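Okay, so here's the structure we're looking at.
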Amino acid sequence: MRSLALLLLLTIPCLAEPANLSGTWRLDLKKSKWGGHSAPQSGEIVIEHNEPKLKYTGKVTDLDGTENTYSFDGAIDGKEYPVKMGTGDQKIIIKRLSPNSISSTLKNADSEEEAITTLAPDSKSLVRKVRRSGPKGKSSWTEVYNRS
């Protein structure tokens, strides 16, 4: 009987439907924690999500007013896809960790950025915990986005 109860506890979370990340998300600078990373002036992501397909576009405005854009059209399936960025194209792999969380690994020629993105239970905020390593060393920060 205990084995059956344990089996049910372990499999029920796997049966849950993945959360839909679709929407327009605005960076909440006050709730985000920047660690050793420079905070931008603003940020926005527009996501279209139809599991496993994922498409997004975004822009970040640096403190000096420089706008950086990026876009992705692929899937949450552990395969490598291109990310188009204003600073040069990169490659990304996105995997599902749980119904509300995904992991991503973004790579270019000299750096790697790993992130875990989690949708809050109320579906009103996204939290991205990021770790980057590259020629300037290692840094980590947490970005919080609110659905608008």
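Data for the structure
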| read-out | value |
| --- | --- |
| Whole-Å distance, taken between Cα centres, linking the range 14-54 and the range 123-137 | 11 |
| Across Lys31/Lys138; Lys79/Lys138; Lys30/Lys107; Lys30/Lys138; Lys33/Lys79; Lys79/Lys107, pairs whose alpha-carbon gap is larger than 20 Å | Lys31/Lys138; Lys79/Lys138; Lys30/Lys107; Lys30/Lys138; Lys33/Lys79 |
| Sparse-neighbourhood loop sites, trypsin sites (Lys or Arg not before Pro) in the range 79-116 - DSSP loop, at most 16 other Cβ within 10 angstrom | Lys79 |
| Neighbour-count order for Tyr81, Tyr70, Tyr145, fewest beta carbons within 10 angstrom listed first | Tyr81, Tyr70, Tyr145 |
| Fewest-first ranking of Glu80, Glu44, using other Cβ atoms within 10 Å as the exposure measure | Glu80, Glu44 |
| Helix axis angle, 2-15 relative to the chain longest principal axis, alpha carbon, degrees | 40 |
| Taking all pairs of distinct alpha-carbon atoms in the chain, Kirkwood radius in angstrom | 16.5 |
| Likely footprinting exposure, Thr87, Thr105, fewest C-beta neighbours within 10 Å first | Thr87, Thr105 |
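Throughout, read-outs are computed from the coordinates displayed, never taken from laboratory work. Just so we're clear, the structure is a prediction, and the values are computed from it rather than from any experiment. For neighbour counting, all protein chains shown are included, and Cβ atoms are generated from backbone atoms with ideal geometry for every residue, glycine included.
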